[in-house]
Amino acid sequence: MSRPFALAFTCLALLGIACPALAQEARFQLYLSWTEPEIDEEPNEIVRTIYLSLGKDGTITEQIRRDGLGRRRPGLSQQGILGEDVDGRVKGRWKVVNAGTLVRLTAERSHTFAIWLTTDGKASCSVRLEWRLKPGFKTYERWDLREQDTVRFAQPVVNRTSCSAF
């Protein structure tokens with residue numbers, strides 16, 4: 001079985017889409033809000049809304065809107081294929097875990113960040129966030145484009161998550 005066909009079949013199985021609906025794509029809206037307790041600084045609240053589309057051929061399209069500090073930043077759109085890195089500024093890779101679960105993994109220098117998306121294949125979904133430190137690290141680190149510096153923070157705290165399936 002060719003890789004694109006296998007990915008499309010897995011994607012369709014994951015979403016519970018019947019054969020007559022092959023022309024459809026699955027769409028989700030993920031709302032994510034968490035706080036990074038920065039070391040030696042004020043806590044940083046991160047708010048993201050991800051509009052995720054899964055194509056029948058295993059393609060992924062993400063539209064990511066960043067909110068925070070009382071302002072909305074321009075969104076960005078990026079694409080990829082299930083199991084491969086998405087092309088764009090916000091690095092990550094969507095993978096199929098099982099028939100009802102996708103995970104988006106991002107590898108940072110100090111940790112991995114996972115967005116777990118679970119669906120019943122109909123109209124219900126949920127989302128969960130997870131951070132794991134890599135061996136040898138005691139704090140989390142990420143690059144801050146605005147400050148042009150590394151931000152160090154303790155275990156992030158999830159404020160709110162929600163998921164809508166379309």
When S124 is run through (1) over 25 Å from E42 (Cα atoms); (2) surrounded by 13 or more Cβ atoms within 10 Å (Cβ to Cβ), the failure sits at (2)
Name every residue in region 63-90 that is within 22 Å of N159 (Cα to Cα) and at pLDDT 90 or above, in order of residue number.
-> Q63, I64, R65
Scan region 57-68 and give yes if some residue there is open to solvent by 80 Å² or more (accessible area, probe 1.4 Å), more than 13 Å from the chain's Cα centre (by Cα) and not acidic (D, E), otherwise no.
-> no
What residue, of V151, V90, V157, V96, is out of contact with any His (no Cβ under 6 Å at 6 or more places or on another chain), among the aliphatic types (A, V, I, L, M) and open to solvent by less than 20 Å² (accessible area, probe 1.4 Å)?
-> V151
For W131, indicate whether it is aromatic (F, W, Y), surrounded by fewer than 16 Cβ atoms within 10 Å (Cβ to Cβ) and without any contact (Cβ under 8 Å) to a residue 60 or more places away in the chain.
-> no
List, please: which pairs have Cβ atoms under 9 Å, are six or more places apart or on different chains, and start with a residue in region 139-166 that is within 16 Å of W116 (Cα to Cα) and end with one that is outside any strand (DSSP E or B) and of a type in the set (D, E)?
-> A165/D120
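The values are calculated or read from the model by the stated rules, or taken from the named source; none is laboratory data. The structure displayed is predicted, hence computed values, not measured ones. Methodologically, a virtual Cβ is constructed for each residue, glycine included, from the backbone with ideal geometry; neighbour enumeration extends over all protein chains shown. Just the protein is used for accessible areas: all its heavy atoms, side chains included, with ligands, DNA and RNA removed. Shrake-Rupley method; radii C 1.70, N 1.55, O 1.52, S 1.80 Å.
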